[in-house]
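Participant: Below are the structure tokens for one structure; questions will follow.
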Amino acid sequence: MGKKGGGFLTTLVLALVIVVLSVGIGVGISRFNFAERMPLIGPLLQERPAQTETSPVVVEGVRGLDRLATVRVTESIIVTRESGGDFFERLFSGERVLLVASGDVEAGVDLADLGENDVVVREDTATIRLPEPEVLSASLDEENTRVYDRDYSPLNVRPDDDLVEEARATAEERLEAAARENGILETAETNAEQSIRAFVETLGFEEVRFE
């Protein structure tokens, strides 16, 4: 019995010694900052910060969006074109075309030329300077564009088809002008910022700012 009691006592003492040493080592690590004093062990003890994408990666990602069309509007206008100069020209070749035109105008930003200086990354915040919004396209809706009326002078025997093409070209220009007057560029800028913000946030950034 005496030997068994002595063995149990020895085991208990050893267990207490191990506990004390473990606590002491833990206190030593926290007090003396082994992470800094022991460079080989330090990186394993230190907590690694969350990684975020660097500026070049953000630039390449945004460039990939290319010509980002962010708004499309439909406009309708009436265009009149006339041919003939003086009285005699109008008498023999005068013509009047009335075109009712409808078409779509798209606007957005061209991101292909975005440079690394246009994106600044600081920790979890990305600041982006976007190109100015622009009209990307203006095209006629062929199903809803037609020559509504076409008048000829009494002696005109050769209709001028080029006059219709001129009316169509004028219609495209006026469609774009009407869209600009109705604020398409402002809407394009707002929508572009929203789209790019959503994209850059998927790269791990918590805040996206625009200049």
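Every read-out reported here was derived from the displayed coordinates using simple, explicitly stated rules and does not represent laboratory data. The structure displayed is predicted, hence computed values, not measured ones. No Cβ is skipped: glycine too gets one built from the backbone with ideal geometry, and neighbour counts run over all protein chains shown.
Participant: Tell me, what is the percent relative contact order of region 55-210, built from C-alpha pairs under 8 Å that lie six or more residues apart?
Facilitator: With pairs under 8 Å counted, the relative contact order is 32 percent.
Participant: Just to confirm a number: summing +1 for Lys and Arg and -1 for Asp and Glu over residues other than residue 207 whose beta-carbon lies under 12 angstrom from that of residue 207, what do you get?
Facilitator: Summing Lys/Arg as +1 and Asp/Glu as -1 gives -1.
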